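Let me begin by presenting the structure, written as C-alpha cells, before commenting on it.
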Amino acid sequence: MDLKSERIYLRRLTETDAPLFLANTQDEEIRYMTGTKSIFTLEQIQQHIKNVAKDPTRYDFAICLNENDEMIGELSITDIEKDNHKAGFRISMCSIELTGKGYGTEAIRLTLKFVFEELKLNRLQLEVFSHNKRGIKAYENTGFIQEGILRESLNYNGKYSDEIIMSILKTDYEN
C-alpha cells in the first residue's frame, strides 16, 4: 500500500533514524505534549527500533517530507489485536515548529487508510493529554471521537493534565 500524500510519506523506522528520534525525545515542548518523563540514550533508542521492527503487534513509521526525504516525525500503530480487530496509536512531530502545519493530520489520514484498508482493523484508539490542544484538534479533524477522560492523570512539572481517550471506528472512517 502506498503511504504517501501530497506533502509527506510514511516509511518504516530504521536504526539510522535513531539520532533524530533521540533529539525528538529531548525537545522539552515535545516531551510535555507527549508526557515523556524518561531520559533516553542513543543506544536505548537504537535497541528500541530493533525491537519494534521484530514485534508483530505494531508498525512504527517515520513521517518524511516528499520534497527532500527529511524525517519530520514518527508514529506507531501499537498493541494490534487481530482477533479483536483493534490497535492503539501515537504520533509525535520532531519539533514544535513542525506542528500546526497540517503534517500530523496528513500522517493520521495515511495511517487510517493503512489501518482500515490494509490491516482490516475495526478500531483505532489513542490517549492525548488535555494540554495538547493541537493534537486534539488534529484527531477530531480526522474523525476521532472522545470516549472518556482520566482526570488529572499526568503530573508534569507539578501541573496536572487530564488524559483524554479517543477512538475512531471503521464506520466513522468510511463516512
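Once backbone amide H atoms are built at 1.01 Å from N, Asn122 has Lys86 as its partners under 5 Å, excluding neighbours fewer than 5 places away on the same chain. Residue separation of Thr25 and Glu43 scaled by 0.36 nm, minus their Cα-Cα distance, works out to 5.1 nm of gained length. Charging the Cβ of each Asp and Glu at -1 and of each Lys and Arg at +1, and nothing else, the dipole of the chain about its Cα centre rounds to 240 debye. Applying 0.36 nm per residue to the separation of Thr171 and Asp79 and subtracting their alpha-carbon distance, the gain on full extension is 31.1 nm. Subtracting the Cα-Cα distance of Ile149 and Lys137 from 0.36 nm times their residue separation leaves 2.7 nm of extension gain. Please give the residues of region 9-40, grouped as numeric ranges, whose backbone N is less than 13 Å from a label point set 7 Å along the Cα-to-Cβ vector of Glu97. In region 9-40, the label zone of Glu97 (backbone N under 13 Å from the point 7 Å along Cα→Cβ) covers no residue.
Dipole of the chain computed with +1 at Lys/Arg Cβ and -1 at Asp/Glu Cβ about the Cα centre; of Ile30, Ile80, Thr16, farthest Cα towards the positive end is Ile80.
With the simple model of a label 7 Å out from the Cα in the direction of the Cβ, Lys54 to Asn157 spans 3.8 nm.
By the beta-carbon count within 10 Å of each Cβ, the least crowded to most crowded order of Tyr32, Tyr156, fewest first, is Tyr156, Tyr32.
Taken as entire DSSP H runs, the helices of the chain that both span 15 Å or more between Cα atoms along their own long axis and average -1.0 or more on the Kyte-Doolittle scale are 42-53, 103-113.
For the chain, a Gaussian network of Cα nodes joined below 10 Å ranks Leu121, Leu150, Leu22 by mean-square fluctuation, and the top entry is Leu150. Of the options (1) 30, 20, 15; (2) 22, 21, 16; (3) 24, 18, 16, only one is semi-axes √(5λ) of the Cα gyration tensor in Å as computed from these coordinates, and that is (2). Placing +1 on each Lys and Arg Cβ and -1 on each Asp and Glu Cβ, with no other charges, gives region 58-154 a dipole about its Cα centre of roughly 340 debye. The amide H of Phe129, built 1.01 Å from its N in the peptide plane, has Ile164 as neighbours under 5 Å, considering only residues 5 or more places off or on other chains. In a Gaussian network model over the chain where Cα atoms closer than 10 Å are linked, find which of Leu65, Leu13, Leu154 has the largest mean-square fluctuation. Largest GNM mean-square fluctuation: Leu154. Each of the GluC sites (Glu not before Pro) that DSSP puts in a loop and that has at most 16 other Cβ atoms within 10 Å breaks the chain; the longest unbroken stretch is 71-175.
Bear in mind these aren't lab numbers, they're just calculated from the coordinates by the rules spelled out. No experiment lies behind these values; they were computed from the predicted model shown. Backbone-built Cβ (ideal geometry, glycine too); neighbour counts: all protein chains shown.
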